[in-house]
């Protein structure tokens, strides 16, 4: 009995000490990418191209499988909790992704490409745009970028106005979530 408690405590502590290694998956629901990897540094292709960074600002390709039974849509929230603000930094917000979708191609975060699935909407990020905005933290410490895909029990987030903040969208996503899959990648400069 004490052994199980000790192991559970050690696992919980490792998630606190090494958050980049503690990805969330619900059941068999899995998020993967050929462009970003768990605990790995994000490549220049996905890095922002402003604020002193010179990346290509291309949203990564994402694939998912084994969504929970009852999934009616998906939402993707990309957040940096290490940003020097009181609320972190929202880098990409996509919701109303149809339940039939199993991927987003690279570059889907640029509205000009029209690569999002039909019906999917992009929310306003902390860059003030309705598009993907890659990492570009201040020089210094390593930042963790949480790419979280949520399976939702509703086909659309009807309570979300077109000009909603990322936090408001995230609140509605969490209220309707039945599963979550995540990749936590890093970046520093």
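The values are calculated or read from the model by the stated rules, or taken from the named source; none is laboratory data. In this text the structure is predicted, and so the values were computed from the model without any measurement. Here the Cβ positions follow ideal geometry from the backbone for every residue, glycine too, while neighbour counts run over all protein chains shown.
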Residue 103 meets each of (1) touching a strand residue (DSSP E or B) at 6+ places or on another chain (Cβ under 7 Å); (2) crowded, with 18+ Cβ neighbours inside 10 Å; (3) under 22 Å from residue 64 (Cβ atoms) with one exception, condition (2)
Checking residue 112 against (1) assigned to a helix (DSSP H, G or I); (2) within 14 Å of residue 147 (Cβ to Cβ), which test does it fail?
(2)
Please verify whether residue 125 is at pLDDT 95 or above, surrounded by 21 or more Cβ atoms within 10 Å (Cβ to Cβ) and in a loop (DSSP other than H, G, I, E, B), treating the condition exactly as stated.
yes
Here is a list: 119, 140. Which entry is on the phi > 0 side of the Ramachandran plot, in a loop (DSSP other than H, G, I, E, B) and without any contact (Cβ under 8 Å) to a residue 40 or more places away in the chain?
119
Taking the range 51-71 and the residues there that are out of contact with any strand residue (DSSP E or B) (no Cβ under 9 Å at 6 or more places or on another chain) and loosely packed, with under 15 Cβ neighbours inside 10 Å, the one that is nearest to residue 95 (Cα to Cα) would be 56
Could you identify the single residue in 48, 74 that is buried (at least 17 other Cβ atoms within 10 Å of the Cβ), over 25 Å from residue 188 (Cα atoms) and either modelled with pLDDT of 95 or more or within 15 Å of the chain's Cα centre (by Cα) (or both)?
74
Contact list please: Cβ distance under 8 Å, first residue in the range 54-77 and at positive phi and assigned to a loop (DSSP other than H, G, I, E, B), second residue at pLDDT below 95 and surrounded by fewer than 18 Cβ atoms within 10 Å (Cβ to Cβ), pairs at least six apart or on different chains.
66/27; 66/28
Residues in the range 100-116 that are on the phi < 0 side of the Ramachandran plot and more than 17 Å from the chain's Cα centre (by Cα): how many?
5
Please go through (1) surrounded by fewer than 20 Cβ atoms within 10 Å (Cβ to Cβ); (2) modelled with pLDDT of 95 or more; (3) in contact with a helix residue (DSSP H, G or I) (Cβ under 6 Å, 6 or more places away or on another chain) for residue 142 and return the number of the only condition it doesn't satisfy.
(3)
Give me the pairs, please: first residue somewhere in the range 151-170 and more than 10 Å from residue 75 (Cα to Cα), second residue anywhere and in a helix (DSSP H, G or I), beta-carbon distance under 8 Å, and either six or more positions apart or on two chains.
153/176; 154/176; 159/172; 160/168; 160/169; 160/172
